[in-house]
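Participant: Structure provided below as structure tokens; questions to follow.
The values are calculated or read from the model by the stated rules, or taken from the named source; none is laboratory data. In this text, all values refer to a predicted model and were calculated from it rather than measured experimentally. All Cβ positions, even for glycine, are placed from backbone atoms using ideal geometry, and neighbour counts span all protein chains on display. With ligands, DNA and RNA removed, areas are computed over all heavy atoms of the protein, side chains included. Shrake-Rupley method; radii C 1.70, N 1.55, O 1.52, S 1.80 Å.
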Amino acid sequence: MKTALVLEGGGAKGAYQFGALLALHHAGVTFDVMAGSSVGALNGAIAANQSYSLGFEYWWNLRFYSVLKPKSTTPVAVFFPPFYWLGLKLQPYSLGTILEERESNPGTAEDRAFGALGSFSASLCLTIILFIIGTFRSEILSAAVLFAIFTVFTAFYGGLLILPHALNAIAWAAFDPKPLETLVNGIVKSNPLRSKLYATLSYQAERFDPDDPKTVNVIDPKSRNYAYGPGGPTIYVQRFTSVPYHFPKYIDVNLHPAILPKLLLASAALPHGIFPPFELDGMTYVDGGIADNLPVFPALMDGEVDHLIAICLRPTDENILKQAWQKSDRLQRLAALSSEPPHPDNAQNRPVKHRPPVHLPYLEPEIWPKKITLIAPQESFGNFLTATLNFGQSKARRLVKLGWQDTRRALGERGKTISANIPQNLLPNGVARQRS
């Protein structure tokens, strides 16, 4: 019976995933093929060469500096959490976000970004002129002061446009991902991978998607507001554009032993400057979780699978597995399309339908596993800041234990063959004593 394992991405929540893998190993469950995104690819490598002792030592003693270490004693390292938190909170107002909106909603984007720049420039020029005139005519000084206040305001708003990028750059420039590289090198050097492992990478490319409102720009002639059909007022297509999308790339790491550590790190190469992107065959790749965080697709494309085991890092049900497959399958077909949009003359008065996609619809998989085992927490671990980036030791240990317990329940009768809790010889001072 062929068994496939799918490992979801989720940063520090990977501690739960490792606890689940440890329980599966002690229950005697083996895998013919694995697929992981981001931290799922790293945990997949641990399972693929059975480096459970090394993995337990890492996850059980997890700290922030287990992933990143300061490049120096710079004070920036001390202020990393608030810097990054503030950068994330301001991201919706950043210049990068505004420029991304410009194609689909140019009116508001120009008002916010370039309008602020124009207001600042004009106000600054007027302020300087009024202050110069005010040296000869005192009654002009009050107007100069008002324009000076407005100039400060527009400068502050303009600063918000680049502040998120600046804060993130300052925060992450102080850190080096060397500790994570050391872990990955230790995993791949200890033993060769004994199971096939697909690591998910993401790359960006422009494509024309007829079901995406970002691609098809339309306008309601009455209100002059941008809107999308069907279901609304009469809508006319004004123009078609190709926009950038993140597409998944599934790589069998066993076929690339020379760059295996780099492939695993690339799968976890979070954007925004956290980890550097990975270059391969002229393409730039980043964290695989951006395009496909639950890589069911590669696990099933490797041949007929009898038993699919998925370890998710959020409360969910089995429906998420088919949805993940359909999303990835559609992205594969979209990637094969041309990036050239149709000629605008052929697009006039065409109704737009995008949800659910009809021009490039979701398909049903031809073959689906006979048995599915879903391992997932019953409650959320928190948000991006409180869970994904929470590299705290106490929370990591709690998640490792919870992953073990949830897996024991998910396995049913087979789960009763292992202890209710993690064996004591694997806990502190016993870690790495039992080779898996």
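Participant: Condition first: open to solvent by less than 40 Å² (accessible area, probe 1.4 Å), farther than 18 Å from S37 by Cα and either within 23 Å of the chain's Cα centre (by Cα) or at pLDDT 95 or above (or both). Now tell me which residues in the range 331-356 satisfy that.
Facilitator: Result: L334, A335.
Participant: Those residues that are over 16 Å from R409 (Cβ atoms) and part of a loop (DSSP other than H, G, I, E, B), I need them from the range 308-330; list them, please.
Facilitator: Hits for the range 308-330 are L313, R314.
Participant: Could you please tell me which pairs satisfy a Cβ distance under 8 Å, a separation of 6+ or placement on different chains, a first residue in the range 178-197 that is closer than 13 Å to L42 by Cα, and a second residue that is aliphatic (A, V, I, L, M) and in a loop (DSSP other than H, G, I, E, B)?
Facilitator: L180/V67; L180/L68; L180/A268
Participant: Same structure, new question: Just checking, how many residues over the range 373-397 are in contact (Cβ under 8 Å) with a residue 60 or more places away in the chain and open to solvent by 10 Å² or more (accessible area, probe 1.4 Å)?
Facilitator: 17
Participant: What residue, of P230, P257, P244, is farther than 27 Å from D302 by Cα, surrounded by fewer than 20 Cβ atoms within 10 Å (Cβ to Cβ) and at pLDDT 65 or above?
Facilitator: Going through P230, P257, P244 in turn, just one is farther than 27 Å from D302 by Cα, surrounded by fewer than 20 Cβ atoms within 10 Å (Cβ to Cβ) and at pLDDT 65 or above: P244.
Participant: Considering only the range 298-323, state which residues are over 11 Å from I372 (Cβ atoms) and touching a residue at least 60 places away in the same chain (Cβ under 8 Å).
Facilitator: Matches in the range 298-323: P298, A299, L300, D302, G303, E304, I311, C312, L313, R314, P315, T316.
Participant: Between L62, L68, L42, which is within 27 Å of E318 (Cα to Cα) and either open to solvent by less than 10 Å² (accessible area, probe 1.4 Å) or in contact (Cβ under 8 Å) with a residue 60 or more places away in the chain (or both)?
Facilitator: Every option except L42 fails the conditions.
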